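Accompanying notes for the structure given below.
The values are calculated or read from the model by the stated rules, or taken from the named source; none is laboratory data. Just so you know, these numbers come straight off a predicted model, no measurement behind them. All Cβ positions, even for glycine, are placed from backbone atoms using ideal geometry, and neighbour counts span all protein chains on display. The area values use the complete protein model at the heavy-atom level, side chains included, leaving out ligands, DNA and RNA. Shrake-Rupley method; radii C 1.70, N 1.55, O 1.52, S 1.80 Å.
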Amino acid sequence: MKEENKIIKYLLNTKNPYQIRIGDTIIEIEYCENDKTFKDCILNILKQKYKKG
């Protein structure tokens, strides 16, 4: 299955594609007008989680 088809299938079958769960952490995604990328945000979340553990 092509990557685009996987993404479309995920979006169609997901109740809220702007909310994902990684382990016991729920991540909500929203549009922001700063220069941070999704990758930057996820790395920041994982670094914070790693410090707590």
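Annotation note: Cβ proximity below 9 Å between a residue of segment 1-26 that is over 18 Å from Lys47 (Cβ atoms) and a residue that is hydrophobic (A, V, I, L, M, F, W, C) and part of a helix (DSSP H, G or I) (sequence gap 6+ or interchain) occurs for Pro17/Leu11. Restricting segment 37-53 to residues that are over 11 Å from the mean Cα position of the chain (by Cα) and open to solvent by 90 Å² or more (accessible area, probe 1.4 Å), the residue that is modelled with the lowest pLDDT is Gly53.
Here are Asn5, Asn34, Asn16: which of them is exposed (fewer than 10 other Cβ atoms within 10 Å of the Cβ) and either among the aromatic types (Phe, Trp, Tyr) or in a helix (DSSP H, G or I) (or both)? Please lay out each step first, then the result.
Numbers: Asn34 fails: either among the aromatic types (Phe, Trp, Tyr) or in a helix (DSSP H, G or I) (or both); Asn16 fails: either among the aromatic types (Phe, Trp, Tyr) or in a helix (DSSP H, G or I) (or both).
Going through Asn5, Asn34, Asn16 in turn, the sole match is Asn5.
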